[in-house]
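For reference, the structure is listed below as structure tokens.
The values are calculated or read from the model by the stated rules, or taken from the named source; none is laboratory data. Nothing here was measured: the structure is a model prediction, and the numbers come from that model. Neighbour counts are summed over all protein chains in view; Cβ atoms, including those assigned to glycine, are modelled from backbone coordinates with ideal geometry. The protein model used for the area step is the full one, side chains on, heavy atoms only, and it has no ligands, DNA or RNA in it. Shrake-Rupley method; radii C 1.70, N 1.55, O 1.52, S 1.80 Å.
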Amino acid sequence: MGCACIAAFLGLAARSKTVKLLHQHLSKSQILELAEAVYQQSEFAQYQLSKSVDLKVDDQLLRFAQLHLEPHHFLPLGEWEISWRGTIETRKEGPQEANLTLRYDFKGNLIGLEQTSPNLNKPPNFKESEALLEAKRFLHLQKIDTTGIQLRDKTINEERVHRYEFEFRRPSPLSGNLVESYSVAITGRNITRYAAKTIIDAETYSIPAGQRTAEIVYITAAFVAWILIGVFLISVFFRRLKHDLLEFKRAFWAGLAAFAFIFCYLTIDMWPHWKEIAIAGGLASFFTGLGILIVYAVTESLNREVWHEKIALLDVLAKGYFRVKEFGAALLHSIFLSGFFLLILAVLFWSVTRLNLGYLKLEDDLFWVFAGNRAILPNILKNIISSAFVGLILFSFWPTYLRSKIQNTAAIGILLGIFITFTGLDLYYLRASYLAIFFFLPAAMLWAYVVLKYDLATILISFFLINLFLEISLISLMPNGLMSAPGVVALSILMLLLVCGSYFSYCRISLKDFEQYVPSYVSRIAERERFLKELEIARSVQQRFLPQTVPRFPNLEIACICRPAMEVGGDYYDFIREGDRALGIVIGDVSGKGVSAAFYMTMVKGILKTLACHTTNPKKILTEMNRIFYENVPREVFISLICGLFDMEKRTLTFARAGHNPIIIHKSSTQKSEMLNSKGLAIGLERGQLFSNIIEEVTLEIESGDVFVFFTDGVSEAMNKNGDEFGEERLSQIIANHNNAAPQKLLEAITEEVAHFSEDAKQHDDFTMVVVKVTG
């Protein structure tokens, strides 16, 4: 059924008004024979010149012909351009450029000539009257009736070598809006340039303003639609990249294939210009490959999360398994879908041109079928990449993104159909723009339904086949038609897909027999979630090791905070109560961060609680803790600790410091803040003798209103974006400014100031503080 539809499409294309207007009365080979005969009779045949052949179509004239002429009318809508170019050596001037360019219309009439060589730029010269007669004689040789022709313009340059340019015009017998123009340039006594063309008379014909406005509006809408999709795609890419939700293994191979295909296409197209191939071809191939890599990675990731069944077949194919019945079904469905849509487009194009409602715009890319066998492979490769690029973005990423935001399938289909219409896919063929919208919208809605129903492999293959047969729709203009090389290749691709689809459809292996593919980032996410869950458990356990409530103690008011820089940390604080007579306060910081520091922090708590059962003397506690800690931890682990004992009967604070930050005290009697330092070595750095010799115990009297602040270096060493530390001096000033406040208010003031100082700079150390105020 699909093959029949494709055959019908090619048949309608061959009978379309556009193809008939472009009918070639002579084949390419016959045109080349005419040009070769002229070349061999010229002086250029004796030189080594490179030859090139190109086909060009006058887009404006083709548009006019489709809208206002009958199919049997002939206009020079297209031309074959054959050029010989190179450099020749002369005795006097040295290397000189040589060029012979011939242009023929599809009937084999010479409509263009350009020739440049040193021998053509020499006397003797024609007089003006002689030059004019020579120009008319040349036109007569080209079988142009010069009786009704008028000289419209002339340019004369009578230097050493006289140069004359004459332009003749006459109304075209086909339409009053057309003018035939003939331009002849003579240098010395040689015809050096000739151009015959039919032009649209701007004085009698112009494109309606409404059509021009519609064209601008529609092109702008297409531009905006693609920009919008591109912005969403890039934002999704960076968001998923940030959260490690992309896999580049398959995307890399897709990008590499795109690079290779485009580089092959450009190499053949630019051969043998190695510099252009290396620079322009390399850059174009690199950015194409990079674009495919990004688009594939985003599309694959989003589909796995939102619409996994869309890429299930691609997962199996990526593993190298092709003998899967779903793959056979996908191939057969793609042939049917492509044929069905090609037939719809053919009927649409035929109706528009036959009823003179609009015209077909044929871009130069469509004429590669006339460029010879050399152009077949690169253009098929280019077609594969362009189909994959547009297909992945418009028919995979965009509907999947819409599905992630909209639950209603009908709404997704309607939005997708509108976007397909306004992305301008039809602009490549069908104009005027307002007609394109009207005619193309139902087809776009039907295609949106297909995108929602079928898997991605089916959609991409269908889109490739549609583009391939649209590009060879002009194949009937070639002498052998479908039996020419491009037609044979296209039909071979179609037959290969049909045979493979039929064979694979009867395979017993199904997608259900394969395990669902799990990308590496899913495993990483699962591992990370497991790790985070374990960290949360560790954090919960650690928090239980810290005091759960602030102790209520006569004549003392206390506030405290412990905020790890990571999920778990190595800061520690605790209270040792001795009835209502004394209260011990311990605060410390284990070297390192994270889980290991938290582990050693719990060890410190266990040691402390055990020692506190036997003594509350700060120096004895720290000395004995150092001995136990040193014997049970690696040498690189140590802990700074400060232990203070508030004795409310004696009204004293006794403390010892093991390499920790000082205590900041604000005396109510002097209204000044100062640092309470004492000698000491961090716990775990030395076996014990040196530690006990160095550590110093200090006792000072306390009075009502005194404020004591115990803290870790996460407070004083908090940094801003410039790397500046918060510092102990700034901390002392805040304490002095808020000494009359309750401990909780003072704690909040310090926390706010540190946060304001740090702004958005990431903090790398735990934030722990205990504030004690003597109230009686």
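Of everything in segment 278-288, what is touching a residue at least 12 places away in the same chain (Cβ under 8 Å) and either farther than 10 Å from Phe259 by Cβ or touching a Gly at 6+ places or on another chain (Cβ under 7 Å) (or both)? Give them in sequence order.
First, the residues of segment 278-288 that are touching a residue at least 12 places away in the same chain (Cβ under 8 Å): 280-282, 284-286, 288.
Answer for segment 278-288, where residues must be touching a residue at least 12 places away in the same chain (Cβ under 8 Å) and either farther than 10 Å from Phe259 by Cβ or touching a Gly at 6+ places or on another chain (Cβ under 7 Å) (or both): Ala280, Gly281.
Name the one entry in Val298, Val306 that is crowded, with 22+ Cβ neighbours inside 10 Å and either in contact with a helix residue (DSSP H, G or I) (Cβ under 8 Å, 6 or more places away or on another chain) or free of Cβ contacts under 8 Å to residues at least 24 places away in the same chain (or both). The unique qualifying residue is Val298. In the set Leu460, Leu465, only one residue is touching a Gly at 6+ places or on another chain (Cβ under 6 Å), within 13 Å of Ser338 (Cα to Cα) and crowded, with 20+ Cβ neighbours inside 10 Å; that residue is Leu460.
Checking each residue in segment 501-525 for being open to solvent by less than 30 Å² (accessible area, probe 1.4 Å) and modelled with pLDDT of 75 or more picks out Gly501, Phe504, Cys507, Ser510. Given the conditions (1) open to solvent by less than 20 Å² (accessible area, probe 1.4 Å); (2) out of contact with any Cys (no Cβ under 9 Å at 6 or more places or on another chain), and given that Pro378 satisfies all but one, which numbered condition is not satisfied? Of everything listed in (1) open to solvent by less than 20 Å² (accessible area, probe 1.4 Å); (2) out of contact with any Cys (no Cβ under 9 Å at 6 or more places or on another chain), Pro378 misses just condition (2).
Restricting attention to segment 740-776 and to residues that are of a type in the set (Gly, Ala, Ser) and in a helix (DSSP H, G or I), the residue that is surrounded by the fewest Cβ atoms within 10 Å (Cβ to Cβ) turns out to be Ala755.
Apart from one condition, Gln407 fits all of (1) more than 25 Å from the chain's Cα centre (by Cα); (2) in a helix (DSSP H, G or I); (3) modelled with pLDDT of 85 or more; (4) not charged (D, E, K, R); the exception is (2). State yes or no: is Val707 hydrophobic (A, V, I, L, M, F, W, C) and under 17 Å from Thr654 (Cβ atoms)? When the stated conditions are applied, Val707 does not pass them. Residue pairs whose Cβ atoms lie under 9 Å apart, sitting 6 or more positions apart in sequence or on different chains, and linking a residue in segment 603-623 that is open to solvent by less than 50 Å² (accessible area, probe 1.4 Å) to a partner that is of a type in the set (Phe, Trp, Tyr) and part of a helix (DSSP H, G or I), are Met603/Phe629; Val604/Phe629; Lys605/Phe545; Gly606/Phe545; Ile607/Phe629; Leu622/Phe691; Thr623/Phe691. Being farther than 30 Å from Met648 by Cα, out of contact with any Leu (no Cβ under 6 Å at 6 or more places or on another chain), without any contact (Cβ under 8 Å) to a residue 12 or more places away in the chain and open to solvent by 60 Å² or more (accessible area, probe 1.4 Å) is not true of Glu729.
Just to check your reading of the model, which residue among Phe757, Phe767 is closer than 24 Å to Gly570 by Cβ and in contact with a Ser or Thr (Cβ under 9 Å, 6 or more places away or on another chain)?
On the way: Phe757 fails: in contact with a Ser or Thr (Cβ under 9 Å, 6 or more places away or on another chain).
Result: Phe767 is the single residue among Phe757, Phe767 that is closer than 24 Å to Gly570 by Cβ and in contact with a Ser or Thr (Cβ under 9 Å, 6 or more places away or on another chain).
Taking the stated definitions as given, is Arg323 farther than 17 Å from Leu497 by Cβ, open to solvent by 30 Å² or more (accessible area, probe 1.4 Å) and either touching a strand residue (DSSP E or B) at 6+ places or on another chain (Cβ under 7 Å) or of a type outside the set (A, V, I, L, M) (or both)? So Arg323 fails the test. Within segment 364-377, residues that are in contact (Cβ under 8 Å) with a residue 40 or more places away in the chain reach partners that are of a type in the set (Lys, Arg) and not in a helix (DSSP H, G or I) with beta carbons closer than 8 Å, at six or more positions or on different chains, in the pairs Asp364/Lys56. Scoring Ile277 on the criteria (1) modelled with pLDDT of 90 or more; (2) more than 26 Å from Leu452 (Cα to Cα) leaves a single failure, condition (1).
The listed residues are Gly328, Gly391, Gly413, and the only one of them that is under 24 Å from the mean Cα position of the chain (by Cα) and modelled with pLDDT of 90 or more turns out to be Gly391.
Screening Ile234, Ile277, Ile262, Ile268 for residues that are out of contact with any Cys (no Cβ under 6 Å at 6 or more places or on another chain), among the hydrophobic types (A, V, I, L, M, F, W, C) and buried (at least 19 other Cβ atoms within 10 Å of the Cβ) leaves exactly one candidate, Ile262. Just to be sure before I move on: is Phe726 under 30 Å from Asn632 (Cα atoms) and not basic (Lys, Arg) in the structure I sent? When the stated conditions are applied, Phe726 does not pass them. Under the condition of being within 20 Å of Ser27 (Cβ to Cβ) and within 35 Å of the chain's Cα centre (by Cα), the residues counted in segment 46-66 number 4.
When we screen Asn677, Asn722 for residues that are without any contact (Cβ under 8 Å) to a residue 24 or more places away in the chain, within 30 Å of Lys619 (Cβ to Cβ) and surrounded by fewer than 20 Cβ atoms within 10 Å (Cβ to Cβ), the only hit is Asn677.
Among all positions in segment 202-216, there is no residue which is modelled with pLDDT of 90 or more, surrounded by 15 or more Cβ atoms within 10 Å (Cβ to Cβ) and not in a loop (DSSP other than H, G, I, E, B).
On the stretch given as segment 630-658, residues that are within 20 Å of Asn693 (Cα to Cα) and surrounded by 21 or more Cβ atoms within 10 Å (Cβ to Cβ) total 11.
Every residue, every condition in (1) in a helix (DSSP H, G or I); (2) touching a residue at least 24 places away in the same chain (Cβ under 8 Å), yes or no:
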residue	(1), (2)
Asp315	yes, yes
Gly320	no, no
Arg323	no, yes
Glu326	yes, yes
Ala330	yes, yes
Ser338	yes, yes
Leu342	yes, yes
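Within segment 478-514, the residues that satisfy the criterion of being in contact (Cβ under 8 Å) with a residue 12 or more places away in the chain, touching a Gly at 6+ places or on another chain (Cβ under 9 Å) and outside any helix (DSSP H, G or I) are Met478, Tyr506, Cys507.
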